[in-house]
Structures are given as C-alpha cells and as structure tokens.
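Here is the structure we will look at, set down as structure tokens.
The values are calculated or read from the model by the stated rules, or taken from the named source; none is laboratory data. Please read these numbers as outputs of a predicted model, since none were measured by experiment. When we count neighbours, we look across all protein chains shown, and the Cβ atoms used for this are built from the backbone with ideal geometry, even at glycine. Surface accessibility is based on the protein's heavy atoms, side chains included, excluding ligands, DNA and RNA. Shrake-Rupley method; radii C 1.70, N 1.55, O 1.52, S 1.80 Å.
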Amino acid sequence: MRREEHNISGLPPFILTGLPGLETSQHWLFLLLGILYTISIVGNALILFIIKEEQSLHQPMYYFLSLLSGNDLGVSFSTLPTVLAVFCFHLREISFNSCMSQMFFIHLFSFMESGILLAMSFDRYVAICNPLRYSTVLTDARVVWMGMCVFLRSFCMIFPLPFLLKRLPFCKANVLSHAYCLHADLIRLPCGDTSINNIFGLSIVISTFGLDSALILLSYVLILRSVLAIASQEERLKTLNTCVSHLCAVLIFYVPKISVSMFARYGRHVPHYVHTLLSLIYLFVPPMLNPVIYSIKTKEIRRKLSKILLGTKF
C-alpha cells in the first residue's frame, strides 16, 4: 500500500495529548494548571504595572525585570489556547499552521528569556564591579538596544524552524507528546531526512542557551571575585543579596531546561509521563515563580504590592 505523504496533498493536522494515564483526572489537572496560569499572568502583570507606576523603579535593573515579566506573559499566552482546549474541552486536533505558529512563539519566548537573563547578569556585573560607571554604561538607550538585540537574535534563530519542518513529508501518525507544539516533539514525526533540521536545531541551542549560560556563569565568577575583595562581611552579604533574585530566576529557567534536554536524549526508557511533567515544569514554573521571587526579594515592589492588595492610597 502506498504511504500517504500529507505535505504533497495538504498539510496534516496534529493530535495533542495530555498526561498519559491520567485521562480521568484531566479536569483536576486543568484546575491545577489554571491556578499556575492565574499566578503567572496576574503576578507578571502586577510587576509591569508597579514598575510603570513607581518612579523609583525606573532604573536599568527594573527595566530588564519588566522585559522578563513581559516575556513570561508571552510564554503563558503561547501555551494557554491548546492547554485549555485539551484539558478542559477535550479538543485535541490542531492544524499544521496553527501548530507551527505556536511552536514558533513558545521557542521565541524561551530563547528571549535566556537572552534577558544574560542581560540581567550584565546589569549585576556592572552594578557590583563598576558601580561608578553604572549610570553611564547602562543608559536608557543602551537598555532599549540590548532588548532589541535579544528579540532580533531570538527571532532570527527561530524563524527558519517552521519552514524547515514544512518542507518535510509527514506520513506517520501525527500524535504529539504534549498539549502544545514543541520542535523536539515535531521533529520525530516526518518520514523524510531530518538531518538538516537536527543540525540547525543543535546549533541554535548551543549558540543561545549554551553561550548565554556560559556568559552568565562568567559574570558571576567576576562578581564573586569582586565581592570577596570587600573587607566588610556585612557589605559582602548586602552586595550578594542584590543578586539572589536573578540567581533564582537563572536556576528555575536553566535547571528544568537542562533536565528536559537530558531526558529527551538519554531517558528513552523513562516513563513517558516523566517527559511530559518535566516539559510542564519547564514552561509553567519560571513564569509563575519569577514574579513571586522578585516580589519577595525587592523591597520597593513588595511595598507597592502590599498597598495594592490592601487597597490603601498611594
């Protein structure tokens, strides 16, 4: 029997999945994910609002934080439509073009988050190692330029992916492993040669996540060296405390990302639900925890947030 190659006659739809083995608990799972979505969307929106309204927060450090919060909103809204469809309405089919669009935005915001965290580490490096030059190095114009560079780099890296997938024939059962479209999931489905896709995918991961994480590590090595040169232990702790929020944001982004990559490559005998759970953690936890961490660790944001929640006048 001749195999049907969908790309010749038309682009194939894909079938999304929830958590295997938990089909009877999908509504409870959606309730949990709904709570995570609510915390993420409301928390990041509040961070953006507070930074906009509070004049004392109009500084480079908080401009970068607003970029991070805006990016986290993008991550949440990228996955929300299909997660809602799968877990609440049991609508599992997604068209090829819709899947490509979702994949593009999920990976775009993921790559941008890595770049924003790198920019924030540079901010901490300048603030601690060259405090007298901080205001001249990180001007408003330079912050905007860095933000544009992060966006353009991520866009240029991700833009070819949908077209590289679209050229391939799909002749297998197009069932995805998640409730949203990811490149690592989609690349398993074509029946044609995917070597170009694999090489390109690996190269952009190394040149973004790999390079960014190495530069963030280098910045903290230099920061630690500068901090250890401070005579007063109290001043050392005070200086390091300004980096705690950013370090937490880096860890909750990169640790799940590395775990997902390692399990995808070496965890073939691990139950499928483990891969799905790790992917959910990778996409849901950072947008949820980032506003919580910065609200707890940043006095100005914490004070403003308390006033908003208590309904007092400013």
The listed residue being surrounded by 20 or more Cβ atoms within 10 Å (Cβ to Cβ) and farther than 30 Å from residue 289 by Cβ, out of 96, 111:
96
From 203, 213, which residue is within 22 Å of residue 110 (Cβ to Cβ) and surrounded by 13 or more Cβ atoms within 10 Å (Cβ to Cβ)?
213
Unmet criterion (only one of (1) over 23 Å from residue 292 (Cα atoms); (2) within 23 Å of the chain's Cα centre (by Cα)) for residue 90:
(2)
Output for Cβ contacts, cut-off 6 Å, separation at least six or different chains, first residue farther than 17 Å from residue 248 by Cβ in the range 294-310, second open to solvent by 20 Å² or more (accessible area, probe 1.4 Å) and among the charged types (D, E, K, R), reads 304/54
State which residue is modelled with the lowest pLDDT when the search covers only the range 216-236 and only residues that are hydrophobic (A, V, I, L, M, F, W, C) and open to solvent by less than 40 Å² (accessible area, probe 1.4 Å).
227
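I need the full set of residues from the range 25-63 which are among the polar types (S, T, N, Q), in a helix (DSSP H, G or I) and modelled with pLDDT of 90 or more, in order please. Let's see the steps before the verdict.
We begin by selecting, within the range 25-63, every residue among the polar types (S, T, N, Q); these are 25-26, 38, 40, 44, 55-56, 59.
If we keep only those that are in a helix (DSSP H, G or I) too, we end up with 25-26, 38, 40, 44, 55-56.
38, 40, 44 - these are the residues of the range 25-63 that are among the polar types (S, T, N, Q), in a helix (DSSP H, G or I) and modelled with pLDDT of 90 or more.
For residue 256, indicate whether it is in a helix (DSSP H, G or I), closer than 30 Å to residue 184 by Cα, at pLDDT 75 or above and touching a Ser or Thr at 6+ places or on another chain (Cβ under 8 Å). Let's see the steps before the verdict.
Values: in a helix (DSSP H, G or I): yes; closer than 30 Å to residue 184 by Cα: yes; at pLDDT 75 or above: yes; touching a Ser or Thr at 6+ places or on another chain (Cβ under 8 Å): no.
No, not satisfied.
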Number of the exception - residue 274 against (1) open to solvent by less than 40 Å² (accessible area, probe 1.4 Å); (2) modelled with pLDDT of 75 or more; (3) among the hydrophobic types (A, V, I, L, M, F, W, C)
(2)
Where the second residue is of a type in the set (Phe, Trp, Tyr) and part of a helix (DSSP H, G or I) and the first is under 14 Å from residue 302 (Cα atoms) and lies in the range 25-54, which pairs have Cβ atoms under 6 Å and are six or more apart or on separate chains?
51/62
Among residues belonging to the range 114-140 that are among the polar types (S, T, N, Q) and open to solvent by 20 Å² or more (accessible area, probe 1.4 Å), point out the one that is nearest to the chain's Cα centre (by Cα).
139
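For the structure I just gave you, tell me whether residue 66 is at pLDDT 95 or above, crowded, with 17+ Cβ neighbours inside 10 Å and of a type in the set (Ser, Thr, Tyr). Let's see the steps before the verdict.
On the way: at pLDDT 95 or above: yes; crowded, with 17+ Cβ neighbours inside 10 Å: yes; of a type in the set (Ser, Thr, Tyr): yes.
The answer is yes for residue 66.
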Could you grab the pairs with beta carbons closer than 6 Å, sequence gap of 6+ or different chains, first residue in the range 73-86 and within 14 Å of residue 35 (Cβ to Cβ) and open to solvent by less than 20 Å² (accessible area, probe 1.4 Å), second one outside any helix (DSSP H, G or I) and of a type in the set (Gly, Ala, Ser)?
83/179
Of the listed residues (196, 216), the one being on the phi < 0 side of the Ramachandran plot and touching a Ser or Thr at 6+ places or on another chain (Cβ under 9 Å) is 216
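Test residue 7 against the stated conditions and say whether it is modelled with pLDDT of 90 or more, of a type in the set (S, T, N, Q) and either part of a helix (DSSP H, G or I) or open to solvent by less than 40 Å² (accessible area, probe 1.4 Å) (or both).
Numbers: modelled with pLDDT of 90 or more: no; of a type in the set (S, T, N, Q): yes; either part of a helix (DSSP H, G or I) or open to solvent by less than 40 Å² (accessible area, probe 1.4 Å) (or both): yes.
No; evaluated as a whole, the condition is false for this residue.
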Failed condition for residue 173, given (1) open to solvent by 40 Å² or more (accessible area, probe 1.4 Å); (2) part of a helix (DSSP H, G or I); (3) among the aliphatic types (A, V, I, L, M):
(2)
